[in-house]
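Participant: Pasting a structure below so you can have a look.
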Amino acid sequence: MTTLYHVDPYLKEKEGIISAAFEEDDGSFCVAFEDGLFYPQGGGQKGDRGVIELGGKQYVVSNTVKDPMSSDGRALCILEKPADIKQGDTVVMRLNWEHRYAQMRLHSIVHLHHCMMEDIVGHSLPNPATSDINDDGTAYNRYETEEITQELAEQASAKMATKVAEGASIETRADDLKAGFRYWESLGHVIPCGGTHLRDISEIGRFETQFGRKKGKPKVGFTLVG
């Protein structure tokens, strides 16, 4: 199955063929595609939103999730209301780009800040538990190690701001041996991640960080600014 959101995460609109269309027991209406423009919720990144257009009518996609009955993790778009759409229809898929792009910016922030902390301490750190990337432009990393302090977080934030101003490419790739595994790479760091990401860290733009604790463990929060 082609995943357009991995091939080109900046693609905002595409024709697609409906591979499945059905109503759930709770009344929600779901559609799936032969090729996936809409990213399904996972790894902290919210599912894509947008619209599907057919015959001059627009149907709002309120969320996109992974089909629990599918072995290949196909994406199911959940529509706000039942739609006159059936298997085999050719429709136009159109992303809510503002939502997707904010998710991409924050997703790269949580990875890059962790990398900057590793650079400062001079060794690898256990990967943090990352929160959902919220609609209010916030996310956080929560660590199990007490090595993470407010001073370290602030140093990492300052270094990250410098790197963002300078810019550096972000590469994403699939694992050649493990089906379904993908990686995020930038500034010599590699992190397992199957989400959608920016082309360059300069696109992160302005951000703020906050240090605190969650469930007794160090937490570094992030907020998009503008």
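The values are calculated or read from the model by the stated rules, or taken from the named source; none is laboratory data. Model, not experiment: these values are computed from the prediction. FYI the Cβ positions are ideal-geometry reconstructions off the backbone, even for glycines, and counts take in every protein chain you see.
Participant: Residues of region 47-56 being closer than 19 Å to residue 10 by Cβ and out of contact with any Ser or Thr (no Cβ under 9 Å at 6 or more places or on another chain), which ones? Let's see the steps before the verdict.
Facilitator: So the first thing to find is which residues in region 47-56 are closer than 19 Å to residue 10 by Cβ, and the list is 47-51.
Of everything in region 47-56, just one residue is closer than 19 Å to residue 10 by Cβ and out of contact with any Ser or Thr (no Cβ under 9 Å at 6 or more places or on another chain), namely 51.
Participant: Take the residues of region 14-54 that are assigned to a strand (DSSP E or B), small (Gly, Ala, Ser) and touching a residue at least 60 places away in the same chain (Cβ under 8 Å): which is nearest to residue 140 (Cα to Cα)? Steps first, answer last, please.
Facilitator: Within region 14-54, the subset assigned to a strand (DSSP E or B) is 14-23, 29-33, 35-36, 42, 45, 50-54.
Now restrict to residues that are small (Gly, Ala, Ser): 16, 19-21, 32, 36, 42, 50.
Next cut, touching a residue at least 60 places away in the same chain (Cβ under 8 Å) only: 16, 19-21, 42.
On the way: 16: 35, 19: 36, 20: 36, 21: 36, 42: 16 Å.
Only one residue fits best here, namely 42.
Participant: Could I ask something else about it? Looking at region 64-101, which of its residues are touching an Asp or Glu at 6+ places or on another chain (Cβ under 8 Å), surrounded by fewer than 18 Cβ atoms within 10 Å (Cβ to Cβ) and modelled with pLDDT of 95 or more?
Facilitator: Of everything in region 64-101, those that are touching an Asp or Glu at 6+ places or on another chain (Cβ under 8 Å), surrounded by fewer than 18 Cβ atoms within 10 Å (Cβ to Cβ) and modelled with pLDDT of 95 or more turn out to be 90, 92, 94, 96, 99.
Participant: Right, here's the next one. Name the residues in region 6-36 that are under 18 Å from residue 105 (Cα atoms), modelled with pLDDT under 95 and aliphatic (A, V, I, L, M), would you?
Facilitator: 7
Participant: A further question on this structure: May I ask you to list pairs of residues, at least six apart or on different chains, whose Cβ atoms are under 7 Å apart, with the first in region 147-159 being in the same structural domain as residue 216 (by TED's automatic domain parsing) and the second being aromatic (Phe, Trp, Tyr)?
Facilitator: Final answer for the pair search is 150/211; 153/211.
Participant: What residue, among those in region 55-74 that are polar (S, T, N, Q) and in a loop (DSSP other than H, G, I, E, B), is nearest to residue 182 (Cα to Cα)? Quick ask: steps written out before the conclusion?
Facilitator: Looking only at region 55-74, we keep the residues that are polar (S, T, N, Q), and these are 58, 62-64, 70-71.
Still in the running and in a loop (DSSP other than H, G, I, E, B): 70-71.
Working: 70: 19, 71: 17 Å.
In this case the residue turns out to be 71.
Participant: In the set 99, 114, 123, which member is in contact with a helix residue (DSSP H, G or I) (Cβ under 9 Å, 6 or more places away or on another chain) and either outside the structural domain of residue 214 (by TED's automatic domain parsing) or not hydrophobic (A, V, I, L, M, F, W, C) (or both)? If you could, list the steps in order and put the result at the bottom.
Facilitator: Working: 99 fails: in contact with a helix residue (DSSP H, G or I) (Cβ under 9 Å, 6 or more places away or on another chain); 123 fails: in contact with a helix residue (DSSP H, G or I) (Cβ under 9 Å, 6 or more places away or on another chain).
It is 114.
Participant: A further question on this structure: Give me the pairs, please: first residue somewhere in region 169-182 and among the hydrophobic types (A, V, I, L, M, F, W, C), second residue anywhere and surrounded by 13 or more Cβ atoms within 10 Å (Cβ to Cβ) and outside any loop (DSSP other than H, G, I, E, B), beta-carbon distance under 6 Å, and either six or more positions apart or on two chains.
Facilitator: The qualifying pairs are 170/186; 174/182.
Participant: Considering only region 185-226, give the strands (runs of 3 or more DSSP E) lying wholly within it that have at least 1 residues that are under 18 Å from the mean Cα position of the chain (by Cα) and of a type in the set (Phe, Trp, Tyr).
Facilitator: Values: elements: 189-192, 207-214, 217-224.
Result: 207-214, 217-224.
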